[in-house]
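Visitor: This is the structure I have questions about; it appears just below.
The values are calculated or read from the model by the stated rules, or taken from the named source; none is laboratory data. All values reported here derive from a predicted model rather than from experimental measurement. Cβ: placed from backbone, ideal geometry, glycine included. Neighbour counts: every protein chain shown.
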There are 2 protein chains.
Amino acid sequence: MALATDEVAFVVRLCADHGVPVIPYGVGSSVEGHVLAPRGGISLDLSGMNRVLAIHADDGDAVVEAGVTRKQLNDALKGTGLFFPIDPGADATLGGMAATRASGTNAVRYGTMKDNVLATTTVLADGRVMKTGGRARKSSAGYDLTRLLVGSEGTLGIMTELTVKLHPIPEAISAAVCTFPDIDSAVQAVIQTIQLGVSVARIELLDALSLKAINLFSKTTLAEAPTLFFEFHGSPAGVAEQAETVQAIASDLGGADFEWATRPEDRSRLWQARHDAYFACLQLKPGCRCFPTDVCVPISRLAECIAETQADIVQVQIPIALFGHVGDGNFHLVVLVDRDNPQDMAEAAWVGTRVVERAIAMEGTCTGEHGIGLGKRKYLTAEHGEVAVDVMRALKSALDPQNLLNPGKILPER
Amino acid sequence: MALATDEVAFVVRLCADHGVPVIPYGVGSSVEGHVLAPRGGISLDLSGMNRVLAIHADDGDAVVEAGVTRKQLNDALKGTGLFFPIDPGADATLGGMAATRASGTNAVRYGTMKDNVLATTTVLADGRVMKTGGRARKSSAGYDLTRLLVGSEGTLGIMTELTVKLHPIPEAISAAVCTFPDIDSAVQAVIQTIQLGVSVARIELLDALSLKAINLFSKTTLAEAPTLFFEFHGSPAGVAEQAETVQAIASDLGGADFEWATRPEDRSRLWQARHDAYFACLQLKPGCRCFPTDVCVPISRLAECIAETQADIVQVQIPIALFGHVGDGNFHLVVLVDRDNPQDMAEAAWVGTRVVERAIAMEGTCTGEHGIGLGKRKYLTAEHGEVAVDVMRALKSALDPQNLLNPGKILPER
């Protein structure tokens, strides 16, 4: 609503007048230090801006304030036959998800926030209010300011309203789990599925340690072995076709115990377990701190990247679980450390650096979906090169000359 | 290849040193004056940079020089099981298509250039060479420079290489034509199809005048009535399902003479006729000049937008054909005039302005896929507002402070 955006604009203008940094805050579920204030300033909590402003069912879009969470939006969509598919696990705000270019389990079929934000209302560093994009499904009218803002982590402007794409709830959904003799076979099954063009909705890999943690945490009795979680969306015939194809691929690679969940409550239980993986892993080492990291590589390099990463993992003492959205070539490490133990910290740094450098060397990225924040600034130049980082700095200076919008994030220190 | 990009960089640096504008050129198929030189300068012809540098079939991407055309890329993909779907009609260069954020008939299923360019090599205004994006399917690493360049019409940098997404050739393809008693029924059929979430590959509307022109030009015998062209991609069962659904919708709305083309040669003939619509229309008024325009609106407003536009068309003397990619809410007018006839010119201006203002008033865009160029600069502020246009100017100044890259395009005169 105009009023709330105006209030944000008023605060930002005051901060601009007094040289005070502004750090936007949603629910605090980001993991690269995005909401920290290394240069001081105010934390601008947008979680109260949580109105769903419009649902255009006929056009498949909704207009929301930035503080609306993904679950809240999906609740509001009940009865429309539509849903918002982007699901990073946490019940994050849509503003936060846009700011970090979030994705998650459904991205292999539905894309990431970059594909699902059509328009924004954004408060600029000087307090002016800008509209970007629009509700048409496509446009060639000028620079794509919407996609410049998506993933900019609050450093170029503060998104206060978003227009997001909605998708029809598929007529048929089925989910399945399947265990594999080793992680490489599981990864090969993913690669073959994607290369065949099967449009799976989700295809998630969890290693044995993640399954152990999930069983302990969620009281499930899943096999503690490398496992793929699948979900298929489509017409009944289409879903059956996809499922058959994938089951054949998996079986050829030693996949066993294919277990189907077609009832909504069974599917929910399955995906809840998957979403709990992160919190479950935290329990593996009580009192520990967690350094989550994520990388993404071209799918042809995924098996190699995971195998080399596993070879690192077995060399360290700290527990490290590996899981992720491997249909996109994206996987996570959950690295557990005792912060007061220098060896733990050294091991965590070693593994974290190596997986990022490996992903970049394989033409991948240092972060598939977490963002750069504070933690990954040091890799930005390795990934994009000096010239691109210079251009990013030039854009930042053009839009935020005083460097007051979430300063210290994304761009490396000079 | 490094050499060719280096040559472009050398030329651009020379031009920067001497204050000479640089206007990139591909095959010259753009329609909004993009390749004109209103402030002088050099035309930088990239059509000779036409090497396909790499095809990564396993990852579904290809690296091409900017001068590669879409047909050339698809020829190079033969035997891989993959294709590049973006098809604006003309056999444009991929560099030009990226620069104008092109789309075309397949966009409803496969997206536009914004969705299909993963990475670029770009020469900046000062001759530095920048890499943007990467080959991972997703990334949250920093500002999305790739999508800032896509649609920037050569004004922010000159793309010399692109990494584009490829898609699996569908197992089954079928196409159909269907005539309707009036244009509104045809549009309603499109709207219902899209709102049901049927993932048609193409869904094109042509008005009776377009069909008359096509029959004259292509020696076809299609009914000269409002017509939809459909194409379905998927598995055999999926395609059959989609086709059934759409045929039922069309029949309910008075659609008749459903004619199927499943043999490749019949499909090609059909789509060739569709692609010839523009050239066919030119023959309706020998010696005429054509002002093509395109707009795009949310699908819920499409019927209204087309009906009001038709009401304008019947009020003028000049022939105006209407057709387009209505699955996205996008349609074109082909406006034919005798340049020496002031009444023709006045009528063309009147219709052109009204359709754009109507689309913007309906939360649509002044151009779905042609770009702004010279011709539509005057609408940019009406569509995006003063603040967004100011931000576009700030980005332009940050990246091209001398205003030498395709100057005078996109941004309105102050």
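Visitor: Quick one: what pairs do we get from the range B:296-308, first residue assigned by TED's automatic domain parsing to the domain that holds residue B:367, second hydroxyl-bearing (Ser, Thr, Tyr) and outside any helix (DSSP H, G or I), C-beta under 8 Å, 6+ apart or different chains?
Guide: B:296/A:139; B:296/B:365; B:296/B:367; B:297/B:365
Visitor: Tell me which of these residue A:370 doesn't satisfy, since it passes every other one: (1) away from chain B (no Cβ under 12 Å); (2) part of a loop (DSSP other than H, G, I, E, B); (3) touching a strand residue (DSSP E or B) at 6+ places or on another chain (Cβ under 6 Å).
Guide: (1)
Visitor: Would you mind finding the one in B:201, B:208, B:186 that is aliphatic (A, V, I, L, M) and surrounded by fewer than 21 Cβ atoms within 10 Å (Cβ to Cβ)?
Guide: Values: B:201 fails: surrounded by fewer than 21 Cβ atoms within 10 Å (Cβ to Cβ); B:186 fails: surrounded by fewer than 21 Cβ atoms within 10 Å (Cβ to Cβ).
Testing whether each residue is aliphatic (A, V, I, L, M) and surrounded by fewer than 21 Cβ atoms within 10 Å (Cβ to Cβ) leaves just B:208.
Visitor: Could you check the range A:214-248 and list, in sequence order, the residues that are within 12 Å of chain B (Cβ to nearest Cβ) and under 23 Å from the mean Cα position of the chain (by Cα)? So that I can check it myself, show each step before the final result.
Guide: Just the residues of the range A:214-248 that are within 12 Å of chain B (Cβ to nearest Cβ), to begin with: A:233-242, A:244-245.
Matches in the range A:214-248: A:233 only.
Visitor: Across the range A:380-414, what is the number of residues that are in contact (Cβ under 8 Å) with a residue 24 or more places away in the chain, of a type outside the set (Lys, Arg) and outside any loop (DSSP other than H, G, I, E, B)?
Guide: Final tally of qualifying residues: 6.
Visitor: Answer yes if at least one residue in the range B:260-271 is under 19 Å from the mean Cα position of the chain (by Cα), modelled with pLDDT under 95, surrounded by 15 or more Cβ atoms within 10 Å (Cβ to Cβ) and closer than 20 Å to residue B:369 by Cβ, and no otherwise. If you could, list the steps in order and put the result at the bottom.
Guide: From the range B:260-271, those under 19 Å from the mean Cα position of the chain (by Cα) are B:271; that's our starting set.
Going one step further and asking which of them are modelled with pLDDT under 95, we end up with B:271.
So of that shortlist, the ones also surrounded by 15 or more Cβ atoms within 10 Å (Cβ to Cβ) come out as B:271.
Those left that are additionally closer than 20 Å to residue B:369 by Cβ: B:271.
Yes, there is a match, as at least one residue in the range B:260-271 is under 19 Å from the mean Cα position of the chain (by Cα), modelled with pLDDT under 95, surrounded by 15 or more Cβ atoms within 10 Å (Cβ to Cβ) and closer than 20 Å to residue B:369 by Cβ.
Visitor: Right, next: Filter the range B:108-134 for residues that are of a type in the set (D, E, K, R) and touching an Asp or Glu at 6+ places or on another chain (Cβ under 7 Å); which is surrounded by the fewest Cβ atoms within 10 Å (Cβ to Cβ)?
Guide: Initial filter on the range B:108-134 (of a type in the set (D, E, K, R)): B:109, B:114-115, B:126, B:128, B:131.
Narrowing further to those that are touching an Asp or Glu at 6+ places or on another chain (Cβ under 7 Å): B:114-115.
Details: B:114: 22, B:115: 19.
If we take residues in the range B:108-134 being of a type in the set (D, E, K, R) and touching an Asp or Glu at 6+ places or on another chain (Cβ under 7 Å), then B:115 is surrounded by the fewest Cβ atoms within 10 Å (Cβ to Cβ).
Visitor: Taking the conditions exactly as written (assigned to a loop (DSSP other than H, G, I, E, B), within 14 Å of chain B (Cβ to nearest Cβ), in contact with a helix residue (DSSP H, G or I) (Cβ under 9 Å, 6 or more places away or on another chain) and in contact (Cβ under 8 Å) with a residue 24 or more places away in the chain), does residue A:363 satisfy them or not? Show your work before the answer.
Guide: Details: assigned to a loop (DSSP other than H, G, I, E, B): yes; within 14 Å of chain B (Cβ to nearest Cβ): yes; in contact with a helix residue (DSSP H, G or I) (Cβ under 9 Å, 6 or more places away or on another chain): yes; in contact (Cβ under 8 Å) with a residue 24 or more places away in the chain: yes.
It is true that residue A:363 is assigned to a loop (DSSP other than H, G, I, E, B), within 14 Å of chain B (Cβ to nearest Cβ), in contact with a helix residue (DSSP H, G or I) (Cβ under 9 Å, 6 or more places away or on another chain) and in contact (Cβ under 8 Å) with a residue 24 or more places away in the chain.
Visitor: For the subset of the range B:104-119 comprising residues that are outside any helix (DSSP H, G or I) and at pLDDT below 95, which member is nearest to the other protein chains (Cβ to nearest Cβ)? Give the derivation first.
Guide: Kept after step one, since they are outside any helix (DSSP H, G or I), are these residues of the range B:104-119: B:104-106, B:111-112, B:117-119.
Next cut, at pLDDT below 95 only: B:104-106.
On the way: B:104: 10, B:105: 13, B:106: 12 Å.
If we take residues in the range B:104-119 being outside any helix (DSSP H, G or I) and at pLDDT below 95, then B:104 is nearest to the other protein chains (Cβ to nearest Cβ).
Visitor: Only one of A:122, A:132 is of a type in the set (Ser, Thr, Tyr), free of Cβ contacts under 8 Å to residues at least 24 places away in the same chain and not in a loop (DSSP other than H, G, I, E, B); which?
Guide: None of the other options fit; the residue is A:132.
Visitor: Further question: Which condition breaks for residue B:328 when tested against (1) out of contact with any Pro (no Cβ under 6 Å at 6 or more places or on another chain); (2) not assigned by TED's automatic domain parsing to the domain that holds residue B:190?
Guide: Failed condition: (2).
Visitor: Go through the residues of the range A:152-175 one by one and say whether even a single one is in contact with a His (Cβ under 9 Å, 6 or more places away or on another chain), among the charged types (D, E, K, R) and modelled with pLDDT of 95 or more.
Guide: Yes; the residues of the range A:152-175 include at least one that is in contact with a His (Cβ under 9 Å, 6 or more places away or on another chain), among the charged types (D, E, K, R) and modelled with pLDDT of 95 or more.
Visitor: From the residues in the range B:148-169 that are facing chain A (nearest Cβ under 8 Å) and in a loop (DSSP other than H, G, I, E, B), which one is farthest from the chain's Cα centre (by Cα)? Give the derivation first.
Guide: Kept after step one, since they are facing chain A (nearest Cβ under 8 Å), are these residues of the range B:148-169: B:148, B:150-152, B:156, B:167-168.
Among the residues that remain, those that are also in a loop (DSSP other than H, G, I, E, B) are: B:150-152, B:156.
Working: B:150: 12, B:151: 11, B:152: 14, B:156: 20 Å.
That would be B:156.
Visitor: Now, a different point. Examine the range A:404-412 for a residue that is among the aliphatic types (A, V, I, L, M) and more than 25 Å from the chain's Cα centre (by Cα), and state whether such a residue exists. Outline the logic, then answer.
Guide: Initially, the range A:404-412 is screened for residues among the aliphatic types (A, V, I, L, M), giving A:404-405, A:410-411.
Next cut, more than 25 Å from the chain's Cα centre (by Cα) only: A:404.
Yes, there is a match, as at least one residue in the range A:404-412 is among the aliphatic types (A, V, I, L, M) and more than 25 Å from the chain's Cα centre (by Cα).
Listed here are the residues, each with its yes/no results for (1) of a type in the set (Lys, Arg); (2) more than 25 Å from residue A:137 (Cβ to Cβ); (3) buried (at least 20 other Cβ atoms within 10 Å of the Cβ).
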| site | (1), (2), (3) |
| --- | --- |
| B:13 | yes, yes, no |
| B:74 | no, no, no |
| B:97 | no, no, yes |
| B:106 | no, no, yes |
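Visitor: Is there a residue being more than 24 Å from residue A:244 (Cβ to Cβ) and among the polar types (S, T, N, Q) anywhere in the range A:162-173?
Guide: Yes, because at least one residue in the range A:162-173 is more than 24 Å from residue A:244 (Cβ to Cβ) and among the polar types (S, T, N, Q).
Visitor: I would also like to ask the following. So if I check each of B:210, B:251, which one is free of Cβ contacts under 8 Å to residues at least 60 places away in the same chain and polar (S, T, N, Q)? Walk me through it before giving the result.
Guide: Values: B:210 fails: free of Cβ contacts under 8 Å to residues at least 60 places away in the same chain.
The conditions single out B:251.
Residues checked against (1) free of Cβ contacts under 8 Å to residues at least 12 places away in the same chain; (2) outside the structural domain of residue B:34 (by TED's automatic domain parsing); (3) small (Gly, Ala, Ser); (4) closer than 24 Å to residue B:44 by Cα:
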residue	(1), (2), (3), (4)
B:63	no, no, no, yes
B:67	no, no, yes, yes
B:71	no, no, no, yes
B:85	no, no, no, no
B:88	no, no, no, yes
B:95	no, no, yes, yes
B:146	no, no, no, yes
B:155	no, no, no, yes
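Visitor: Okay, next question. Can you find a residue that is of a type outside the set (A, V, I, L, M), closer than 27 Å to residue A:142 by Cα and surrounded by 18 or more Cβ atoms within 10 Å (Cβ to Cβ) anywhere in the range B:279-287?
Guide: Scanning the range B:279-287, I find no residue that is of a type outside the set (A, V, I, L, M), closer than 27 Å to residue A:142 by Cα and surrounded by 18 or more Cβ atoms within 10 Å (Cβ to Cβ), so the answer is no.
Visitor: Residues A:311, A:321: which one is loosely packed, with under 15 Cβ neighbours inside 10 Å, among the small types (Gly, Ala, Ser), within 21 Å of residue A:354 (Cα to Cα) and modelled with pLDDT of 95 or more? Outline the logic, then answer.
Guide: Working: A:321 fails: loosely packed, with under 15 Cβ neighbours inside 10 Å.
Within the list A:311, A:321, the selection yields A:311.
Visitor: Another question, then. Within the range A:287-303, is even one residue within 14 Å of chain B (Cβ to nearest Cβ), of a type outside the set (A, V, I, L, M, F, W, C) and within 16 Å of residue A:204 (Cβ to Cβ)?
Guide: In the first step, residues of the range A:287-303 are kept if they are within 14 Å of chain B (Cβ to nearest Cβ); the result is A:292-303.
If we keep only those that are of a type outside the set (A, V, I, L, M, F, W, C) too, we end up with A:292-294, A:298, A:300-301.
Keeping just the survivors that are within 16 Å of residue A:204 (Cβ to Cβ) gives A:292, A:294.
Yes, because at least one residue in the range A:287-303 is within 14 Å of chain B (Cβ to nearest Cβ), of a type outside the set (A, V, I, L, M, F, W, C) and within 16 Å of residue A:204 (Cβ to Cβ).
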